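Trainee: Once you've had a glance at the structure underneath, I'll fire off some questions.
Rule-based calculations on the coordinates, nothing more; no lab input. Being a predicted model, the structure only gives us computed values, none of them experimental. Counting neighbours? That spans all protein chains shown, and the Cβs are built from the backbone with ideal geometry, glycine included.
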Amino acid sequence: MLVGKGVESGQLSAQDVYDLSEQAFAQIELRKKKVLVLIPDYTRHAPVNLFFRVLVDLIGKQVKALDFLVASGTHQPMSLDSILEHVGLTPQEYERKYSRFRFFAHAHDDPRQLRVAGTIPGEEVELISDGLFSEDLTVTVNKRLYDYDLVIVVGPVVPHEAAGFAGGNKYFFPGVAGEEIINTFHWIAAVITNPVINGLKDNPVRQILNRGADLIDVEKLCFSFVVQENGGLACLFIGSPQESWEQAVDYSARHHIQYLAKPFRRIIGIVPEIYKDIWLAGKAMYKTEPIVADGGELVIYAPHVTELSYSHGAAIREVGYHVRDYFVKQWDRFADTPKLIMAHSTNVRGIGEYEDGVELPRISVTLATGIPAEVCQQVNLGYMDPDGIDFSQWLDRENEGILVVKNAGQVLYRLKQDQV
């Protein structure tokens with residue numbers, strides 16, 4: 001079953017979303033079934049409130065249970081009040097009208113929440129990863145998945161540094177997964193490097209995510225959609241996680257990948273408020289790295305950001321930000337470092353070389369945030385006082401090799417010469 005619609009201009013209406021959802025649910029027997037919905041957290045651009053209303057209105061009365069699990073991956077779990085705000089409810093409204101629908105937060109590092117879904121054999125991992133890994137991969141997920149007859153994924157599709165494109169089965173990994181598979185697929189992506197994998201539809205990481213999802217023995221349905229810059233939907237496809245995702249990727253590639261004729265020597269990426277630490281604001285780097293000229297500089301402008309990571313700050317301070325080969329060529333030193341931390345580190349620092357104890361990044365990365373200069377220096381990044389930035393000195397200077405990117409982290413920028 002695959003239901004969907006996309007538009008080349010304009011956007012889908014709320015009625016379109018209702019109609020497509022109704023068509024999909026008409027093909028499924030839901031009466032007296034228990035349904036769990038995986039929704040994105042606050043870090044994703046998505047009309048979660050619209051989909052909440054659609055699901056409640058269309059199936060809320062006929063199912064035995066309709067509950068929601070926030071697929072937050074390794075991000076900080078959301079409180080109930082923040083989840084309610086996320087889906088468009090006040091606490092009073094929830095208690096008065098919607099209290100039969102429960103909300104849960106995922107914690108990737110809480111063994112009590114997890115269950116082993118299965119194992120991907122080492123020889124299969126080796127084949128998929130082209131020899132990067134050869135160990136058996138134990139796949140763990142939130143055990144709540146197994147308490148329901150149907151799991152519905154509601155997730156936007158957008159270029160992503162670790163999976164090529166987010167969405168689909170990525171809502172299981174890292175969305176509601178345990179640490180082992182999260183560490184493994186992020187490091188595989190980091191070794192391949194962000195400029196190669198970001199925006200690539202078919203890649204080894206996506207194969208691992210799909211293989212892991214096959215091990216989760218529950219019925220699945222997925223709402224895959226693409227959010228435009230103005231917040232409207234360019235498409236919505238409803239079907240299996242893989243099939244619906246494949247359809248939405250083509251729209252995301254058109255809306256979320258912009259090809260430019262030449263690189264820029266200086267770029268300032270203005271980070272939106274939803275990215276609250278460098279763990280998330282690093283997306284400004286992931287999405288603009290391909291268009292920074294060799295020897296150039298990216299400035300991540302986010303005055304609201306005061307932490308490297310609310311979940312992983314201590315580990316990042318210990319390791320710092322380095323190019324991939326800094327880790328690969330000193331593997332004995334970093335073998336016990338979580339691969340997820342190394343993946344984040346090298347994705348933020350970008351590609352480069354490490355030879356004879358000397359690290360040579362391709363570009364400079366500078367933080368213009370609320371993080372002090374001494375911390376930036378400690379973790380091997382540059383510092384710029386955000387209060388001292390005069391945007392009149394940056395704007396409209398593209399001909400001089402200077403570019404300002406607003407809402408940095410959503411659109412992937414590439415050079416035309418790299419267009420497939």
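Trainee: If you find the alpha carbon centre of segment 231-265 and of segment 349-401, how far apart are they in angstrom?
Mentor: 29 Å
Trainee: Turning to a different aspect of this structure: What do you get for the angle between helix 204-214 and the principal long axis of the chain? Use alpha-carbon atoms, 0 to 90 degrees, nearest ten.
Mentor: 20 degrees
Trainee: Select from segment 124-162 those GluC sites (Glu not before Pro) which occupy a DSSP coil region and have at most 14 other Cβ atoms within 10 Å, ordered by residue number. Working shown, then result.
Mentor: Working: sites: GLU124, GLU126, GLU135, GLU161; in loops: GLU135, GLU161.
Passing sites in segment 124-162 are GLU135.
Trainee: Tell me, what is the FRET efficiency for LYS416 and ALA293 to the nearest 0.05, using R0 = 22 angstrom and their Cβ-Cβ distance as r? Numbers along the way, then the final one.
Mentor: Values: r = 15 Å, r/R0 = 0.66.
According to the calculation, E is roughly 0.90.
Trainee: If you don't mind, another one. Mind checking Rg over Rh on segment 261-418, alpha carbons, Kirkwood formula for Rh?
Mentor: Details: Rg = 15.3 Å, Rh = 15.9 Å.
Over the Cα atoms of segment 261-418, Rg/Rh equals 0.96.
Trainee: Oh, and also: Taking the simple approach of a point 7 Å from Cα along Cα-to-Cβ for both ASP387 and ALA335, what is their distance in nm?
Mentor: Each label point lies 7 Å from its Cα, and together they span 4.8 nm.
Trainee: I want to check the label-to-label distance for GLN62 and ASP19. Put each point 7 Å from Cα in the C-beta direction and report it in nm to one decimal.
Mentor: Taking the simple label geometry, GLN62 and ASP19 are separated by 1.9 nm.
Trainee: On to the next question. For helix 241-256, what angle does its Cα long axis make with the longest principal axis of the chain, in degrees from 0 to 90 and rounded to 10?
Mentor: 40 degrees
Trainee: Moving on to the next point. Looking at the chain as a GNM with Cα springs under 10 Å, which of GLY155, GLY352, GLY239 has the largest mean-square fluctuation?
Mentor: GLY352
Trainee: Please work out how much length the chain gains when fully extended from ARG265 to GLU126, using 0.36 nm per residue of separation minus the C-alpha to C-alpha distance, in nm with one decimal. Present the calculation step by step, with values, prior to reporting the outcome.
Mentor: On the way: separation 139, 0.36 × 139 = 50.04 nm, distance 3.86 nm.
Extending this stretch completely gives an extra 46.2 nm.
Trainee: In degrees from 0 to 90, rounded to the nearest 10, what is the angle of the helix 14-25 Cα long axis to the longest principal axis of the chain?
Mentor: 60 degrees
Trainee: Which of the residue pairs LYS170/LYS287; LYS201/LYS283; LYS329/LYS416; LYS201/LYS416; LYS33/LYS201 have a Cα-Cα distance greater than 29 Å in the structure shown? All intermediate terms of the calculation are to be shown ahead of the outcome.
Mentor: Numbers: LYS170/LYS287 19 Å; LYS201/LYS283 18 Å; LYS329/LYS416 32 Å; LYS201/LYS416 18 Å; LYS33/LYS201 34 Å.
Over 29 Å apart, Cα to Cα: LYS329/LYS416; LYS33/LYS201.
Trainee: Now a separate question. Which loop-located chymotrypsin sites (Phe, Trp or Tyr not before Pro) does segment 58-131 contain, where loop means any DSSP state but H, G, I, E or B and the Cβ has at most 15 other Cβ atoms within 10 Å?
Mentor: In loop regions of segment 58-131 (DSSP not H, G, I, E or B), there are no sparsely surrounded chymotrypsin sites (Phe, Trp or Tyr not before Pro).
Trainee: Of the trypsin sites (Lys or Arg not before Pro) in segment 18-69, which ones lie in a loop per DSSP and count no more than 10 other C-beta atoms within 10 Å? Present the calculation step by step, with values, prior to reporting the outcome.
Mentor: Working: sites: ARG31, LYS32, LYS33, LYS34, ARG44, ARG53, LYS61, LYS64; in loops: ARG31, LYS32, LYS33, ARG44, LYS61, LYS64.
Of the trypsin sites (Lys or Arg not before Pro), the ones in loops of segment 18-69 whose Cβ has at most 10 other Cβ atoms within 10 Å are ARG31, LYS32, LYS61.
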